[in-house]
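Working notes, structure below.
The values are calculated or read from the model by the stated rules, or taken from the named source; none is laboratory data. Every value quoted in this text rests on a predicted model; they were computed, and no experiment measured them. Using ideal geometry, Cβ is built from the backbone for each residue, glycine included, and neighbour counts are taken over all protein chains shown. To get the accessible areas, we keep the full protein, side chains included, count just its heavy atoms, and leave off ligands, DNA and RNA. Shrake-Rupley method; radii C 1.70, N 1.55, O 1.52, S 1.80 Å.
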Amino acid sequence: DDGVLVLEESEGFLIISTKNTTAKFLITPSDDFPVIPFGGEDKFSINKNEFINLLKSTFWSASQSEIKPEMSCVYIYTNNNTLVAVATDGYRLSEKTVPFKDHNMTLLIPVKNIPDIIKIVSEWGDDLIIMYTKNQLTFSDIKNQQLLSTRLVDGTFPDYKQIIPTNNTTKVTLLKDDILKNIRLSNAFVDKFNHIRFNIDSAN
């Protein structure tokens, strides 16, 4: 009732007491808890919403299989004052860029960790501090009061630029709402044997 809560450790137990009640819980030694490698010599800062948008725009197209670990990742790298995020499973590919003028880097973030990263980091302040080593990535808020760590994949992302056409014989401009409406209608009949087919008729 007085708002005072007392916690104490005694002989392998945690004892939580208030003015009128006491509870006792069995605990395990703190030495058994694994050491989590936070931080890293390399770091940069970025707007939280920009970084989340990078992940949201790309992670859905990463492979869900870990047979090729580099394909089940979002590949983040710097290029000409931009920060680029890419993901592909061999059938689909997504790429997103944001302005960025920090140091050069390449990161492979496992796709299975990204929903948690988005969920947790979205509740922090506007700016993120991102620190990394060869195998570990750490997110911190600007006040260094909250930390989130995830492993990185040590590998080489495929040269996806090779499959993006540099020359096009046909270019079509469509209204976004029109194409989305028709894809949703057609999607009801799509399975592994039947796919959506686009027919381009220049007469119309």
Segment 51-84: number of residues that are under 14 Å from ILE118 (Cβ atoms) and either touching a His at 6+ places or on another chain (Cβ under 6 Å) or of a type outside the set (Val, Ile, Thr) (or both):
9
Per the filter on segment 170-188, residues open to solvent by 100 Å² or more (accessible area, probe 1.4 Å) and either at positive phi or in a loop (DSSP other than H, G, I, E, B) (or both) are LYS171, THR173, LEU174, LEU175
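Looking at segment 99-114, which of its residues are in contact (Cβ under 8 Å) with a residue 60 or more places away in the chain and surrounded by 12 or more Cβ atoms within 10 Å (Cβ to Cβ)? It would help to see each step written out before you state the result.
So the first thing to find is which residues in segment 99-114 are in contact (Cβ under 8 Å) with a residue 60 or more places away in the chain, and the list is 103, 105.
Listed by number, the list holds a single entry, MET105.
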Is it the case that some residue within segment 115-122 is of a type in the set (D, E, K, R) and either modelled with pLDDT under 90 or surrounded by fewer than 15 Cβ atoms within 10 Å (Cβ to Cβ) (or both)?
yes
For ASN167, the lone unmet condition from (1) open to solvent by 80 Å² or more (accessible area, probe 1.4 Å); (2) in a loop (DSSP other than H, G, I, E, B); (3) in contact (Cβ under 8 Å) with a residue 12 or more places away in the chain is (3)
Note: among THR106, THR170, THR138, just one is hydroxyl-bearing (Ser, Thr, Tyr), under 22 Å from GLU95 (Cβ atoms) and at pLDDT 90 or above, namely THR106
Filter result for PHE51 (open to solvent by less than 90 Å² (accessible area, probe 1.4 Å), hydrophobic (A, V, I, L, M, F, W, C), in contact (Cβ under 8 Å) with a residue 24 or more places away in the chain and under 30 Å from VAL111 (Cα atoms)):
yes
Restricting to segment 56-75, name every residue that is touching a Leu at 6+ places or on another chain (Cβ under 7 Å) and either touching a residue at least 60 places away in the same chain (Cβ under 8 Å) or of a type in the set (Lys, Arg) (or both).
GLU70, CYS73, TYR75
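A quick yes/no check of all residues on (1) over 22 Å from ASP154 (Cα atoms); (2) touching a Pro at 6+ places or on another chain (Cβ under 8 Å); (3) among the basic types (Lys, Arg); (4) surrounded by 13 or more Cβ atoms within 10 Å (Cβ to Cβ):
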| residue | (1), (2), (3), (4) |
| --- | --- |
| GLY39 | no, no, no, yes |
| TRP60 | no, no, no, yes |
| MET71 | no, yes, no, yes |
| TYR75 | no, no, no, yes |
| ASN81 | yes, yes, no, no |
| ALA85 | no, no, no, yes |
| ASP89 | no, no, no, yes |
| LEU93 | no, no, no, yes |
| THR97 | yes, no, no, yes |
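Just to verify a result, which residue in segment 127-163, among those that are of a type in the set (Asp, Glu) and within 17 Å of ALA62 (Cα to Cα), is surrounded by the most Cβ atoms within 10 Å (Cβ to Cβ)? Give the steps one after another, and end with the answer.
In the first step, residues of segment 127-163 are kept if they are of a type in the set (Asp, Glu); the result is 127, 141, 154, 159.
Cutting the leftovers down to within 17 Å of ALA62 (Cα to Cα) gives us 154, 159.
Details: ASP154: 10, ASP159: 7.
The qualifying residue surrounded by the most Cβ atoms within 10 Å (Cβ to Cβ) is ASP154.
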